[in-house]
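The values are calculated or read from the model by the stated rules, or taken from the named source; none is laboratory data. Because the structure is a prediction, the values reported are computed rather than measured. Ideal geometry is used to build each Cβ from the backbone, glycine not excepted, and the neighbour counts take in all protein chains shown. What goes into the accessible areas is simple: the full protein's heavy atoms, side chains included, and nothing from ligands, DNA or RNA. Shrake-Rupley method; radii C 1.70, N 1.55, O 1.52, S 1.80 Å.
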Amino acid sequence: MTLTFPNRSRSYDEVGQRVRFIGHDGMFEVPFFVETDALHTATAGEADYLAAFDAARATIHDVAREIYGSARRTVYVLRAADFR
């Protein structure tokens, strides 16, 4: 199966300083987070992080697919270093 992102929803986790989104591998949900440090935004706030996520969605999904294909985990956290 391949990892897809049919649900465009995402949410901001203020405590963890990251944006949560979900991928799907067949019928299985795969939880992902992208740390706010990886999101390029001039200001820091929930709306800013979500807008930055939306602007970089295609790249974030590509990186998520790469990370997902390299090892199976229960949750995946994308960091700034993953985007270099």
- Taking the range 9-54 and keeping only residues that are without any contact (Cβ under 8 Å) to a residue 24 or more places away in the chain, open to solvent by 70 Å² or more (accessible area, probe 1.4 Å), farther than 19 Å from Ala71 by Cβ and of a type in the set (D, E, K, R), one is left with Arg20
- Task: Would you mind telling me which numbered condition in (1) in contact with a helix residue (DSSP H, G or I) (Cβ under 8 Å, 6 or more places away or on another chain); (2) farther than 15 Å from Val63 by Cβ; (3) aromatic (Phe, Trp, Tyr) Phe28 fails?
- Result: (1)
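Report, by residue number, each residue of the range 65-84 that is outside any strand (DSSP E or B) and touching a helix residue (DSSP H, G or I) at 6+ places or on another chain (Cβ under 9 Å). Working first, answer last.
Taking the range 65-84 first, the residues outside any strand (DSSP E or B) are 65-75, 79-84.
Scanning the range 65-84 gives Glu66, Ile67, Arg73, Arg79, Ala80, Ala81, Asp82, Phe83.
Restricting attention to strands (runs of 3 or more DSSP E) lying wholly within the range 1-61, give those where 2 or more residues are more than 15 Å from Val77 (Cβ to Cβ) and either in contact with a Leu (Cβ under 9 Å, 6 or more places away or on another chain) or of a type outside the set (S, T, N, Q) (or both). Before the answer, list the steps.
Values: elements: 10-13, 18-25, 28-35.
It comes to 18-25, 28-35.
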- Item | the range 63-80, residues that are farther than 14 Å from Gly16 by Cβ, open to solvent by less than 80 Å² (accessible area, probe 1.4 Å) and either more than 13 Å from the chain's Cα centre (by Cα) or of a type outside the set (Phe, Trp, Tyr) (or both) | Val63, Ala64, Ile67, Gly69, Ala71, Ala80
